[in-house]
Amino acid sequence: MDVTNLYLCKDNCQFKTLHLRMKKLSFFAICFTTFCAQAQINHFKYNNNKNITVNKAAVVSAHALASDAGLSVMKKGGNAFDAAIATQLALAVVYPGAGNIGGGGFMVAHTSSGKNIALDYRESAPAKATKDMYLDSAKNAVTILSMEGRLASGVPGTVAGLFATLKYAKLPFSTLIEEAINLAEKGFALTKAQAEDFNNSHAVFTRNNKNQVAFVRDAPWKEGDILIQTELANTLKRIRDKGVKGFYEGETAKLIATEMKTGNGIITEADLKNYKVKERVAMQFPYKDYQIITMPLPSSGGIILQQLFKMTAQKNLASFPFHSKESVQLIVEAERRAFADRAEFMGDEDFVKVPVKTLVSDSYLKNRMADYVAGKAGNSSKIQPGQIKESEETTHISITDAEGNAVAVTTTLNDHFGSKTIISGAGFVMNNEMDDFSVKPGVPNMYGAIGNDKNAIAPGKRMLSSMTPTIVLKNNKPFIVVGTPGGTTIPTSVFQSIVNVIDYKLSAIDAVNKPKFHHQWQPDIISVEKDFDKSLKEDLNKMGYKIVERGTIGRTELITITATGNIKSKIKITAVADKRGDDDARGY
Ligand code: DON
């Protein structure tokens, strides 16, 4: 970005303050510190921090202005939950491709008092949804309908999720939403990637929206242009003034229902009023000296993650070097088996039976790896392969605060700009999460994932997800906070980032930024990022694997929290924002 960095001493504030104190704790130093704590990032000229080292609190998200919104509420006395709310709301404004109030998500948290939390604010199928709603009269899947336009949307959960998070927060909601309203009303400067994004999406927005939308204009967008979203600002004000009802009832709900009727949408005001957040029991399992806390169903992510850790540990993953042919093959074969189980067994447990205990049991997983042959590619069965799409949209936030709370939130519209439908008069993008259901057994979704009746559509049911917000504890204290977007690549990226730190002792920066690879049973390929080692590709080829280069995998936001020196209470926080996007880490 050529937008320059105008914010004042935000992240080296600590150092400068200390320096002054060493000379003398003068009145000037106190004023300076206070000024630093309150300095706001300039919405029209800002820069990205890719990694920071701090010792109190940190936020990593997909956008600098959103990370800053989270950080500034913590500086005002809020905790990591306050920051999670403020950051998500700001992302809905500054990162409309994925940040959202028209989508859904999951939050996994570990509080300073030792409690684990798993909030499920995933979208649900509307009451009028049916199992065959995306099939034509010949029972063929018409997948464009689950991906684009009004019929593709599930009932959004994000706003209900924010209010469910509020009970763990400290500041009033009106304070937490203030920055998002500001950003929508007064505008902010687009990054280069966002300007390109809007230009590339011009046709699809025009196709799917009858009225003027904020992201569409005749002249091409360019970096530094200011985006103002007045309708969205008004929606946010209704949420500020009326709370959860400001979205799920009254004017906003009416606008959503009306928008649905202008096309083939089926979400009604009753669907919105009936939406409920579900507090789940977080999935927790040990790995070596660590405890891993992650998302249970309706995300497949937690089960897959646990399967990957257990299957690879059985074969002693850590004994093979990082990105050696042995370690990559072992991870790939574990991924193949985990994703085969996803397709066969997983769905919303409130509607179907899922053998979770068996799927993660040591004996079952030992059996799963019984036919693993080192040095020789396995072979997935022959169900039709899907295409893995490279343009995808979800977003993850990792946060830690000075009180010892850790929060990992992944939220999504599913695809880039969701259903591409913006609610007229309310200014926000609706999700296309219905595509995460199995629209027909064996028909791949946009991420190439297949499923069966377990993940079939039913009214009120939540579509199977891969989102894996995760916290790793060491000595019962948060050690890693991690998550990423990336559709089906999410659990494999989270897994690889964690073993990169724990087993391969990579720095947090390398753990995030080193090339990632992915296998999901079907299609039977290893997809790799462009910078994946060439000779490693050749080695894997010789074993019988088909390697396909693809675009970037995920945008991982990772925080590590470690003790420094001999003083046990003093901590070092390293926060890393993925190099693959505009992602940004901030802290103090
Ligand atoms: O819930 C899921 O698994 C998907 N809807 C996530 C989509 C996603 O990560 C796209 N982003 N890159």
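Hey, does the range 531-545 have a residue that's touching a residue at least 40 places away in the same chain (Cβ under 8 Å), within 16 Å of the ligand (Cβ to nearest atom), out of contact with any helix residue (DSSP H, G or I) (no Cβ under 9 Å at 6 or more places or on another chain) and of a type in the set (Gly, Ala, Ser)? No, the range 531-545 contains no residue that is touching a residue at least 40 places away in the same chain (Cβ under 8 Å), within 16 Å of the ligand (Cβ to nearest atom), out of contact with any helix residue (DSSP H, G or I) (no Cβ under 9 Å at 6 or more places or on another chain) and of a type in the set (Gly, Ala, Ser). Summed over the range 519-533, residues that are over 15 Å from residue 336 (Cβ atoms) and open to solvent by 10 Å² or more (accessible area, probe 1.4 Å) total 3. Each residue in the range 89-130 was checked for being farther than 25 Å from residue 282 by Cβ, open to solvent by 10 Å² or more (accessible area, probe 1.4 Å) and more than 15 Å from the chain's Cα centre (by Cα), and 3 of them qualify.
Scan the range 440-472 residue by residue and report those that are small (Gly, Ala, Ser) and either under 22 Å from residue 409 (Cα atoms) or over 21 Å from the mean Cα position of the chain (by Cα) (or both). Answer for the range 440-472, where residues must be small (Gly, Ala, Ser) and either under 22 Å from residue 409 (Cα atoms) or over 21 Å from the mean Cα position of the chain (by Cα) (or both): 442, 451, 456, 458, 460, 465, 466. Of 512, 481, 576, 499, all but one fail to be closer than 21 Å to residue 407 by Cα and out of contact with any strand residue (DSSP E or B) (no Cβ under 8 Å at 6 or more places or on another chain); the exception is 499. Only strands (runs of 3 or more DSSP E) whose full extent lies in the range 51-153 are considered here, and the ones with at least 1 residues that are modelled with pLDDT of 95 or more and of a type in the set (Ser, Thr, Tyr) are 51-54, 58-61, 116-121. So for the range 478-492 (the condition being closer than 30 Å to residue 582 by Cβ, open to solvent by 10 Å² or more (accessible area, probe 1.4 Å) and away from the ligand (no atom under 16 Å from the Cβ)), does at least one residue qualify? Yes: one or more hits.
If you filter the range 370-402 down to residues that are surrounded by 15 or more Cβ atoms within 10 Å (Cβ to Cβ) and charged (D, E, K, R), you find that the one that is modelled with the highest pLDDT is 401. Contact map, the range 302-331: residues that are open to solvent by 10 Å² or more (accessible area, probe 1.4 Å) paired with residues that are of a type in the set (D, E, K, R), Cβ distance under 7 Å, separation 6+ or inter-chain. Pairs shown: 310/362; 314/366; 318/503; 320/326; 323/533; 325/539. Being closer than 19 Å to residue 376 by Cβ and open to solvent by less than 30 Å² (accessible area, probe 1.4 Å) holds for only one residue in 558, 536, and it is 536. Just one residue in the set 528, 576, 499 is more than 18 Å from the chain's Cα centre (by Cα) and part of a strand (DSSP E or B); that residue is 528.
Being farther than 23 Å from residue 204 by Cβ and among the charged types (D, E, K, R) is a description that does not apply to residue 148. Scanning the range 450-470 for residues that are surrounded by fewer than 24 Cβ atoms within 10 Å (Cβ to Cβ), within 16 Å of the ligand (Cβ to nearest atom) and in a loop (DSSP other than H, G, I, E, B) turns up 457, 461. Checking each residue in the range 258-288 for being in contact with a Phe, Trp or Tyr (Cβ under 7 Å, 6 or more places away or on another chain) and open to solvent by 80 Å² or more (accessible area, probe 1.4 Å) picks out only 273.
Considered as a group, the residues in the range 416-449 that are more than 14 Å from the ligand (Cβ to nearest atom) and open to solvent by 20 Å² or more (accessible area, probe 1.4 Å) include one that is nearest to residue 149 (Cα to Cα), and that residue is 420. Under the condition of being closer than 19 Å to residue 418 by Cβ, surrounded by fewer than 19 Cβ atoms within 10 Å (Cβ to Cβ) and of a type in the set (A, V, I, L, M), the residues counted in the range 167-204 number 3.
When residues in the range 207-242 are screened for being surrounded by 15 or more Cβ atoms within 10 Å (Cβ to Cβ) and not basic (Lys, Arg), 19 of them pass.
Taking the criterion of being within 16 Å of the ligand (Cβ to nearest atom), over 30 Å from residue 475 (Cβ atoms) and assigned to a strand (DSSP E or B), the only residue of the range 546-573 that qualifies is 550. Within the option set 258, 268, being out of contact with any helix residue (DSSP H, G or I) (no Cβ under 8 Å at 6 or more places or on another chain) and among the hydroxyl-bearing types (Ser, Thr, Tyr) holds for one residue only, 258. Looking at the range 203-245 only, could you name the residues that are polar (S, T, N, Q) and touching a residue at least 24 places away in the same chain (Cβ under 8 Å)? Residues satisfying the conditions are 208, 209, 211, 229, 230, 234, 235. Within the range 429-449, the set of residues being assigned to a helix (DSSP H, G or I) and of a type outside the set (A, V, I, L, M) comprises 433, 435, 436. Based on this model, can you work out whether residue 367 counts as modelled with pLDDT under 95 and farther than 15 Å from residue 62 by Cβ? Spelling it out, residue 367 is indeed modelled with pLDDT under 95 and farther than 15 Å from residue 62 by Cβ.
Within the set 184, 203, 189, 180, the sole residue that is among the aliphatic types (A, V, I, L, M) and in contact with a Phe, Trp or Tyr (Cβ under 7 Å, 6 or more places away or on another chain) turns out to be 189.
When residues in the range 393-415 are screened for being among the polar types (S, T, N, Q), more than 11 Å from the ligand (Cβ to nearest atom) and touching a helix residue (DSSP H, G or I) at 6+ places or on another chain (Cβ under 7 Å), 2 of them pass. For the range 168-189, the set of residues classified as assigned to a loop (DSSP other than H, G, I, E, B) and closer than 18 Å to residue 242 by Cβ consists of 172 only.
The values are calculated or read from the model by the stated rules, or taken from the named source; none is laboratory data. Not measured: the values here are computed from a predicted model. No Cβ is skipped: glycine too gets one built from the backbone with ideal geometry, and neighbour counts run over all protein chains shown. Heads up: the accessible areas ignore ligands, DNA and RNA and are worked out on the full protein's heavy atoms, side chains in. Shrake-Rupley method; radii C 1.70, N 1.55, O 1.52, S 1.80 Å.
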